[in-house]
Structure formats: C-alpha cells, structure tokens
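The values are calculated or read from the model by the stated rules, or taken from the named source; none is laboratory data. Note that the structure is a prediction, hence the values are computed from the model and not measured. Here the Cβ is made from the backbone with ideal geometry for all residues, glycine too, and neighbour counts use every protein chain on show. Quick note on the areas: whole protein, heavy atoms, side chains included, nothing else; ligands and nucleic acids left out. Shrake-Rupley method; radii C 1.70, N 1.55, O 1.52, S 1.80 Å.
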Amino acid sequence: MLDQLAYLVPIMGIIGLAAAAGIYGWVLKHDGGTGRVAEIADTIHRAAMAFMTREMKVMAVFTVIIGLVVGFSPLGWNTALAFFVGALCSAAAGFIGMYTATKANVRTAIAANKLGAGPALSVAFFGGSVMGLTVASMGLLGIGVLFLYLIGTGERALATADEGAHAIEGFAMGASIVALFYRVGGGIFTKAADVGADLVGKVEAGIPEDDPRNPGVIADNVGDNVGDVAGMGSDLFESYCGSQIATIILAATMGGAAAANLMLDPEAVGGTQAMANLMLLPLVLTSVGLVCSLLGIGLVKAVSSMDPARALRVGTLGAAILFMVAAYFIVMALGISPGVWAAIFVGTVGGVIIGFVTEYYTGGAPVRMIARSSRTGVATVIINGLAVGLQSVVVPIITIAAIILVSYFFAQEYGIGIAAVGLLATIGITMAIDAYGPVADNAGGIAEMTGMGPETRKITDGLDAVGNTTAAIGKGFAICAAGLAALTMTKAFINVLDERFPGFLADISLGQPMVLAGAFLGILCAFLNGAITMRAVGGAAFEMIEEIRRQFRDIPGLLEGKADPDAERCVQIAADGAMKRLIWPSLLAVGMPLGVGFILGAQALAGMLVGALLGCVALALLMANAGGAWDNAKKYVEEGHEGGKGSEAHSATVVGDTVGDPLKDTSGPSMNILINVMAIWSVVIAPLLSPLPFWEDQPEPDDAAATRIEQVEQARLDDATPGTLLIVEDEGDA
C-alpha cells in the first residue's frame, strides 16, 4: 500500500496542474475587451511579465552559484539537485499564477460591466484559483518525484530514509531563494508604486483612485500582481513545502522506538517501518488536501450568487471540513495512532480561528473605530490603527501556543510538524482566495481608467473590499503557517545535531549563555529586517513621488485629461527601486545562519532561530493587521461614511492607509520569508556545524553510538524480545 501511495503524490500534482490549465481555459473564454480596455490590460500584463522576467534572470544567477557551492560541498549533489528543483517549481508556480491573474483582471471588469456581480466574482476567483492549484500541484510534483528518487519505496526506503530525507531539504532551500525575490522584491515594487500614486494623486492632486491621469496607476496595478499574487504564492509555497520536508526529517530522525509509539499497534509494526509510514503521511495528506481544495473551489462557483464574502467562506470551510474527515481515514489506513490525527485537526482548526480573528480586526468593528477617529485628523488614525494592530496579535499567538501544546501532547514533536501540514494541506483554496483580491483590485482599476461607469465600479469596489479582507486573512494564515513551519524546521535542526552529538538537545536551554545570546540576535534580525524593508519602500516611494510630481508639473494638459502620462517611466522606477534594494534583506536572511552557525556554533544558532521566530511572528501579525485595518478604514470612508471622498476624514485615512501599505504588503510578509529562510538554511548546514564556537575545543561526532542504536533497532525489527524496546530507549537517552 505504501508503494502505491508514494507514486500517487506526483500523479496528484499532475492532476492538479491539469485542473489549473482547465480553469485557465475557462477564464480565457470570457470577453477580454477591445480598444482602450484591451490596451490598458495589455500594458499591465506586459509590465508585470517584464518585471518578473528581470527578477528571474538575476535569480537564476544566484541559484546557479548557490547550487554549485552546495554540490561541491559535503552536502552533495543530491542536495544540489533538490535545490534546483525547488527553485524551478516555486518560480514556475509564481510565474503561471501571475500570468493568469493579469489575464483575469480585465475579464472580471468586463463581466462586472456586462453580466453582474455573480459572474464577476466567478471570473476573479477562478483567476486566483489557478495560482492556488499551481502552488499545491508544483509542491506535490517536486517533492513527490524527489521522494521517489532520493528515498524510494519498499526495502530501499527503509535503508536510505535518513540520507534521502536530508537531501530533500535542498528543495525547501531552493524555494526560499525564489520567495526572497518574488515576495520581498515584489513587495518593494508594489508599495513604492501604491504610496506614490496615493499621496500625489489622491492627497495632493485631489483626483480619484485609479484615475488614468495619474502616472503611477499602471505601476500600482502591476505591483498588485507581482507582490500579492506571485509574491504571496512563493511565500506560501515555501511554508507548504517546508512543513512537509521538516516533518519528513522529524520522522527520519526520531528513532524507531518513538516512531513505533505513534502507531496503532506498536508491537506489530517495526520501528523502521513506522518511520517510513510517518515520513509518507505528510505527502499523502497534502495530496488529499489538493482534492479537497478542488471541491472547495467548485463549491464557491456553485454559491457565487451569494454575498461574495459568504461564498468564499463557504468554500474555505467546506474544504477544511472535508480534509479533516479524509485525514482521519488516511491515518487509520496507515495504522497510525489517532493522536496524530488529533494533531492534524488542531492545526487545521487553528488556521480557521486565525482567519476569523484576522477578518474581525481588518473588516469588523475595529475598522469602523479607526474611521470614526479620522474626524480628529491623521494622528488619531495612526494611534488607533497601531492599537488595533497590537491587540490583534493576542488571539493568534494564543492559538499558535495552543496548537504547539495540544499537538505535542497527542503526538510529541512529530505532532507539531504534522499540525503545520494540516494547516497548509488545503492551500489550493486558501491561496485562491488570497489571489482573488489583487484580481478584483485590478478589475476596479481597469473599470475606472476606461470609464465603465458607476454601476460597474460599485460591483468591482464590492469585490475589492472583500478582497482586502481575504488578503488580510491570507496574510494572517501565512504568518501562522510560516511560524509553525519554521518551528518544525528548528526542531528538525536540533534533532540533526542531537543525532550527531548526543546530549546537544540538553544543552539548548536559557542557562547556556550562547543560546541566550543567540535568542537576542534572532530578535535583532526581526527588527532589522523590518527597518531595512520599510526604508526600501520609503526610498523607492520617494523616487516615485518625485517622478509623478514632475509629470503633473511638466506635461501640459495632464491634469486636465488632455495628455497621457508616461506610465512606463513609473514602472521602471519601481522595478529599479525593488531590484537594488532587495540585496540587503536577502543577505540578512541567508547570511545570519551562516555567520552565527560557523562562528558562534550550533547552540547559538538554535537560540537565534527561536528568537527570530518569536520576534518575526509577533511583528508580522502587528504589521499585517494594522495595515489591513487602515486600508479598510479608508475604503469605509470612501463608501460615504464620515464625510466620504474628498473630506478631511478621507485625507486622514488615506495617510493611514499609506503608512499601513508597506507594513502589510512588504515588511510584514518579509518576516515570513526571513524565519523560513533562516530555518531551512540552518537545517541544510546542520551536518557541517559543531555545537560550540570555533575558538573552543569541539566534541567529536559520536558515530559509534549511532551505530549501536541502529543495531539495537534492527534487533527489535527482527522480532527481538520485548526488553529490546527498553534498550533502545536507554541508548537513545545515552
């Protein structure tokens, strides 16, 4: 049965890609427009593809260099192969998803203009669904093929599990490189354009959002695609794959006795066979999760005549419920303890809770409170927005803590990893709902720029308002997922070191100065990353603002609508600003694990990973929710509340939204990338590290002890006496 399930994983990836292709074909069947409509849509598409191509060329150079270094290092060519495959799969997923989104935006606008709200919702959501299904499918295809090649099935899997599991780590490392470029680079691009277009257009010139006279509007629409579609896709792809790989490593390094204890009948299943079952479980779960996502997407289409927010919620919850039911039967079929299913259940429910909490803080009463505070000016908008962001951290942090404690109670350290897998298993529909937002936002921009009329704009504004909330939910979900994935990888890192240096785990405590120092360095990374990315947006936005002001000043008749803006110049400024400011966050994410690990040692690196995890998750939640609340407070005023468009209250909320934009779309999401990149790079280099700083005498790896443990486990596998289990535990403790 295990052999068939292992082959099913890449097959499901192919089926998912076929489904994505079918949905893409359905989207293209809708009217793509003519004349001015087609011209603007094509401009957005070409500019987005040009920036992505530029990113991919630079990224390819980095990928080849790093891959060659990995191949020639002791990590070996199998790890390098996995690295290249991971980078390729992530890059392809982002490229395909963004390509589709830039085709779906104009079709959503025309559907809203000609067919109404229900068909427009279907087109926008299906446009985002291609991104969601591609992320899930490319992950299954890449990891599934590597699993068969590096680990295999049957007797070969039992013999090569440990070595193969460590080689697959390279896949997540490759995905992390792409996430750095797509998410951080795309985030700088989109917010430089958005801030410039809003401040000069809305506040200074007093023209509407997405007005065709504004030179920054096209760049703003391009940025929605490169940052919030391709960028978010690479972000979740990294967590999605990283959680599966880290769980595989946990299973491969946990030891036969611990693995057997997670089976329904520990005495009937050998320790090594139990490890094989647990290694395969995350891949089977995500394969079934893809099926549940497809069913959830179909459910949204079936109820698209409902209120958009309700329709999307029905699809998300439906997919999650179907997955939890299916997961139970999978766990039982593999002979695994129900406690493992309980951990999966906790992870899935935790994700739903965080989604609802995020929806409340970015679309409920706190948003209206911020809007009311705009009566007294910008200062109170900023103060109340920060208060909402700070308060919004509380329940998600409690939820994450509960997931950790409950999943550990039911399935020990493996439970934490499998809970993260459960949280991300239905990423197909989760990512679809997130990518729907930028498609709807672009549709509104195209409707405004082409003069489709107030009725069309009302429909697209309604879809966009829901999209703001779904995007905020997606960010909250991504933060939780990244935190659990990074925690799982951190535990895998510690296990690798403890396997080579018995007793390493016992030395990871706050009583060790190196661990404590490392924890402070980790918190430093979170704040430094926030500063770097905020300054990057500020610098790029400054250049954008100056250019938009210059065009309003120097192009005769531009504000009167008698001349066309130079939109290509604004796109170029945003692209240049993103590429040249991307280097520092990348160096921080990759360089800190290498520097701390090889200089201060593995103890300090373990502490740094924990400190970075705590700092990044808290900051990311604050930034994402405060930014989302400011954004929707502006939308609330623009609907006619608190004076409506053009009022002093509106100007105050526009400034609040401008402050929140880089928080929610650049600095906040970059925290996810930071902790995942640091964690996966630490796991990959773990076999090369020593526990202590380089200036102290290093302990020798206890290979003899590892060999003795393997021999005892093999004896138990061969139906040794019940006392053998005690010997395994004693050796493991030793």
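Looking at (1) in contact with a Gly (Cβ under 7 Å, 6 or more places away or on another chain); (2) of a type outside the set (A, V, I, L, M, F, W, C); (3) under 27 Å from Tyr360 (Cα atoms), which one does Gly483 not meet, given that it meets all the others?
(1)
When you look at Leu290, is it out of contact with any Lys or Arg (no Cβ under 6 Å at 6 or more places or on another chain), under 24 Å from Ile11 (Cβ atoms), open to solvent by 20 Å² or more (accessible area, probe 1.4 Å) and modelled with pLDDT of 90 or more, yes or no? Talk me through it step by step, then tell me what you get.
Numbers: out of contact with any Lys or Arg (no Cβ under 6 Å at 6 or more places or on another chain): yes; under 24 Å from Ile11 (Cβ atoms): yes; open to solvent by 20 Å² or more (accessible area, probe 1.4 Å): no; modelled with pLDDT of 90 or more: yes.
So Leu290 does not fit the description; no.
For segment 253-262, which positions are at pLDDT 80 or above and surrounded by 22 or more Cβ atoms within 10 Å (Cβ to Cβ)?
Going through segment 253-262, the residues at pLDDT 80 or above turn out to be 257-262.
Those that are at pLDDT 80 or above and surrounded by 22 or more Cβ atoms within 10 Å (Cβ to Cβ): Ala257, Ala259, Ala260, Leu262.
Return only the number of the condition from (1) assigned to a loop (DSSP other than H, G, I, E, B); (2) of a type outside the set (Phe, Trp, Tyr); (3) modelled with pLDDT of 80 or more that Asp265 does not satisfy.
It fails just one condition, (3).
Got at least one residue in segment 267-275 being of a type outside the set (Lys, Arg) and closer than 24 Å to Ala679 by Cα?
Going residue by residue through segment 267-275, those that are of a type outside the set (Lys, Arg) are 267-275.
Add one more test, that the residue is closer than 24 Å to Ala679 by Cα, and what stays is 275.
Within segment 267-275, one or more residues are of a type outside the set (Lys, Arg) and closer than 24 Å to Ala679 by Cα.
Within segment 496-517, which residues are open to solvent by less than 20 Å² (accessible area, probe 1.4 Å) and either closer than 27 Å to Ala167 by Cβ or not in a helix (DSSP H, G or I) (or both)? Break it down stepwise before answering.
First, pick out the residues of segment 496-517 that are open to solvent by less than 20 Å² (accessible area, probe 1.4 Å): 496-497, 501, 504, 515.
Matches in segment 496-517: Val496, Leu497, Phe501, Phe504.
Return the residues of segment 296-316 that are of a type outside the set (Val, Ile, Thr) and either within 22 Å of the chain's Cα centre (by Cα) or closer than 14 Å to Ile459 by Cα (or both); say none if nothing qualifies. Before the answer, list the steps.
To start, the set of residues in segment 296-316 that are of a type outside the set (Val, Ile, Thr) comprises 296, 298-299, 301-302, 304-313, 315.
Hits for segment 296-316 are Gly296, Ser304, Ser305, Met306, Asp307, Pro308, Ala309, Leu312, Arg313, Gly315.
Quick one: what pairs do we get from segment 575-597, first residue more than 17 Å from Phe527 (Cα to Cα) and open to solvent by less than 10 Å² (accessible area, probe 1.4 Å), second among the β-branched types (Val, Ile, Thr) and at pLDDT 85 or above, C-beta under 7 Å, 6+ apart or different chains?
Listed pairs, sorted by first residue: Gly577/Ile188; Ala578/Ile188; Gly597/Ile685.
For segment 633-649, what are the residues that are in a helix (DSSP H, G or I) and within 21 Å of Leu463 (Cβ to Cβ)?
Hits for segment 633-649 are Ala633, Lys634, Lys635, Tyr636, Val637, Glu638, His641.
Does at least one position in segment 427-438 carry a residue that is surrounded by 24 or more Cβ atoms within 10 Å (Cβ to Cβ) and of a type in the set (S, T, N, Q)? Explain how you work it out, then say what you get.
Taking segment 427-438 first, the residues surrounded by 24 or more Cβ atoms within 10 Å (Cβ to Cβ) are 427-438.
Pick out the ones that are also of a type in the set (S, T, N, Q) and you get 430.
Yes, segment 427-438 has at least one match.
Within segment 53-68, is even one residue more than 26 Å from the chain's Cα centre (by Cα) and at pLDDT below 90?
Narrowing segment 53-68 to residues more than 26 Å from the chain's Cα centre (by Cα): 68.
Going one step further and asking which of them are at pLDDT below 90, we end up with none.
The answer is no, given that none of the residues of segment 53-68 is more than 26 Å from the chain's Cα centre (by Cα) and at pLDDT below 90.
Among the residues of segment 333-353, how many are in a helix (DSSP H, G or I) and modelled with pLDDT under 90? Even if it seems obvious, please write down each step before you answer.
Applying the first criterion (in a helix (DSSP H, G or I)) to segment 333-353 yields 333, 338-353.
Now narrow it down to the ones that are modelled with pLDDT under 90: 333, 347-353.
Number of matching residues: 8.
Taking the options Leu121, Leu133, Leu141, name whichever one is under 22 Å from Leu283 (Cβ atoms), in contact with a Pro (Cβ under 7 Å, 6 or more places away or on another chain) and in a helix (DSSP H, G or I). Don't jump to the end; show me each part of the working.
Numbers: Leu121 fails: under 22 Å from Leu283 (Cβ atoms); Leu133 fails: in contact with a Pro (Cβ under 7 Å, 6 or more places away or on another chain).
Every option except Leu141 fails the conditions.
For segment 521-554, what are the residues that are over 25 Å from the mean Cα position of the chain (by Cα) and open to solvent by 50 Å² or more (accessible area, probe 1.4 Å)?
Phe542, Glu543, Glu546, Arg549, Arg550, Arg553, Asp554
Need the failing condition index for Thr380 against (1) on the phi < 0 side of the Ramachandran plot; (2) crowded, with 17+ Cβ neighbours inside 10 Å; (3) of a type in the set (S, T, N, Q), just the number.
(2)
Find all pairs meeting these conditions: Cβ atoms under 9 angstrom apart; at least six residues apart or on different chains; first residue within segment 563-574 and more than 21 Å from Arg54 (Cα to Cα); second residue at pLDDT 85 or above and surrounded by 17 or more Cβ atoms within 10 Å (Cβ to Cβ).
That search, which allows pairs on different chains as well, returns Pro565/Ile548; Pro565/Gln551; Pro565/Phe552.
Taking segment 34-81 as the search range and keeping residues that are β-branched (Val, Ile, Thr) and over 30 Å from Cys570 (Cβ atoms), which one is surrounded by the fewest Cβ atoms within 10 Å (Cβ to Cβ)? Don't jump to the end; show me each part of the working.
Of all residues in segment 34-81, those β-branched (Val, Ile, Thr) come to 34, 37, 40, 43-44, 53, 58, 61, 63-66, 69-70, 79.
From what's left, over 30 Å from Cys570 (Cβ atoms): 64-66, 69-70, 79.
On the way: Val64: 12, Ile65: 10, Ile66: 19, Val69: 12, Val70: 24, Thr79: 24.
The selected residue is Ile65.
Return yes or no: is Ala686 among the aliphatic types (A, V, I, L, M), assigned to a helix (DSSP H, G or I), open to solvent by less than 10 Å² (accessible area, probe 1.4 Å) and more than 25 Å from Phe520 (Cβ to Cβ)?
So Ala686 does not fit the description; no.
Do we have Ala492 as touching a residue at least 24 places away in the same chain (Cβ under 8 Å) and open to solvent by less than 20 Å² (accessible area, probe 1.4 Å) here?
Values: touching a residue at least 24 places away in the same chain (Cβ under 8 Å): yes; open to solvent by less than 20 Å² (accessible area, probe 1.4 Å): yes.
When the stated conditions are applied, Ala492 passes them.
Just need a number here: residues in segment 624-649 that are open to solvent by 20 Å² or more (accessible area, probe 1.4 Å) and either closer than 27 Å to Ala486 by Cβ or among the basic types (Lys, Arg) (or both).
Of all residues in segment 624-649, those open to solvent by 20 Å² or more (accessible area, probe 1.4 Å) come to 635-636, 638-643, 645-648.
When the remaining residues are screened for being either closer than 27 Å to Ala486 by Cβ or among the basic types (Lys, Arg) (or both), the result is 635, 645.
Residues in segment 624-649 being open to solvent by 20 Å² or more (accessible area, probe 1.4 Å) and either closer than 27 Å to Ala486 by Cβ or among the basic types (Lys, Arg) (or both): 2 in total.
If you check every pair at least six apart or on different chains, which have Cβ atoms under 7 Å apart with a residue in segment 378-393 that is touching a residue at least 40 places away in the same chain (Cβ under 8 Å) first and a residue that is open to solvent by 20 Å² or more (accessible area, probe 1.4 Å) and of a type in the set (Gly, Ala, Ser) second?
Sorted first by the residue in segment 378-393, then by its partner, the pairs are Val393/Ala618.
Out of Tyr24, Tyr7, I need the residue that is in a helix (DSSP H, G or I), within 27 Å of the chain's Cα centre (by Cα), of a type outside the set (Val, Ile, Thr) and within 30 Å of Met449 (Cβ to Cβ). Which one?
Details: Tyr7 fails: within 30 Å of Met449 (Cβ to Cβ).
On inspection, the qualifying residue turns out to be Tyr24.
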